[in-house]
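Heads up: the structure comes next, in structure tokens.
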Amino acid sequence: MDTVANETLQELLELAHCCAARGWVPATSGNFSLRDEVGKILISRSGFDKRTMGIEDLIQLEKDGSVSSTSAGKPSAESMLHVVIYRERRETRAIAHVHTIWNTLLSGQFVANRHVALEGYELLKALSGVTTHRHRELVPIIENMQDYDALCLELAQVLKKYPEAHGVLLSSHGLYTWGQSVAEARRHLEALEFLFEAEMRRLQGSPK
Ligand SMILES: [Zn+2]
């Protein structure tokens with residue numbers, strides 16, 4: 001882990017703690033990762049309360065997702081999804097995955113459409129490259145499954161199909177989002193979760 005600045009590690013831990021405090025990673029769910037300069041990945045180990053996440057809870061993976069010889073512990077079953085995102089989004093340095101009420105509901109509702117469109121919201125401008133609330137952000141939705149090999153293939157295709165996407169939803173499961181730094185990943189996460197809640201509440205409140 002000596003290829004990652006201590007400051008960056010602390011930022012990742014703080015993000016995990018913040019997500020836990022907001023109830024975004026309930027019941028030991030969710031995971032967080034970083035990619036260092038040489039392509040190795042540091043990812044939260046499987047199944048623990050993210051409120052207490054420390055440096056000792058990070059496992060180092062090689063580019064292909066195998067556990068580095070210098071590391072011990074069991075990575076999350078979802079770690080290969082991080083590997084796919086780092087492969088397909090070469091500029092990405094940090095990834096967050098959370099299970100929130102709003103992303104769970106919205107992704108379930110729109111799974112048949114293969115994406116949910118967000119537009120008209122000022123907070124869209126928190127997504128890198130977006131300069132106006134008139135932007136139409138398409139967040140792809142993949143049908144959730146327990147076959148992670150199939151899920152990885154699907155995720156790779158979706159990332160190619162939606163090159164502008166800032167995040168991907170798994171239906172009735174959660175969000176993956178990323179950034180070129182922990183700060184950018186955090187900004188995308190907070191913006192997308194705000195937008196999911198706003199959109200879902202708007203839909204719930206609309207006349208039948
Ligand atoms: Zn998950």
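Structure values in brief
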item: Accessible area of the chain belonging to carbon and sulfur atoms, whole % at 1.4 Å probe; result: 51 percent
item: For the range 55-208, radius of gyration divided by Kirkwood radius, i.e. Rg to Rh on alpha-carbons; result: 0.98
item: With all protein chains modelled, accessible area of residue 22 [1.4 Å, Å²]; result: 130 Å²
item: 0 to 90° range, to nearest 10: angle between helix 6-21 axis and the chain longest Cα axis; result: 50 degrees
item: Nearest-ten-degree value, helix 182-205 long axis tilted from longest Cα axis of the chain; result: 30 degrees
item: Förster radius 25 Å - calculated FRET efficiency between residue 63 and residue 133, Cβ distance, rounded to 0.05; result: 0.05
item: List 166, 133, ordered by accessible area with a 1.4 Å probe, largest first; result: 133, 166
item: Cα centroid separation - the range 3-60 against the range 86-136, whole Å; result: 21 Å
item: Kirkwood Rh (inverse of mean 1/r, distinct Cα pairs), the range 11-78, angstrom; result: 12.1 Å
item: In Å², nearest 10: area of residue 143 left accessible to a 1.4 Å probe; result: 110 Å²
item: Computed label-point distance, nm, for sites residue 48 and residue 148 using a 7 Å Cα→Cβ extension; result: 1.7 nm
item: Too-long pairs where the Cα-Cα distance tops 25 Å, listed order kept, from 40/160; 50/74; 50/125; 63/160; result: 50/125
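The values are calculated or read from the model by the stated rules, or taken from the named source; none is laboratory data. None of the values given here were measured: they were computed from a predicted structure. No Cβ is skipped: glycine too gets one built from the backbone with ideal geometry, and neighbour counts run over all protein chains shown. For accessibility, only protein heavy atoms count, side chains too; no ligands or nucleic acids. Shrake-Rupley method; radii C 1.70, N 1.55, O 1.52, S 1.80 Å.
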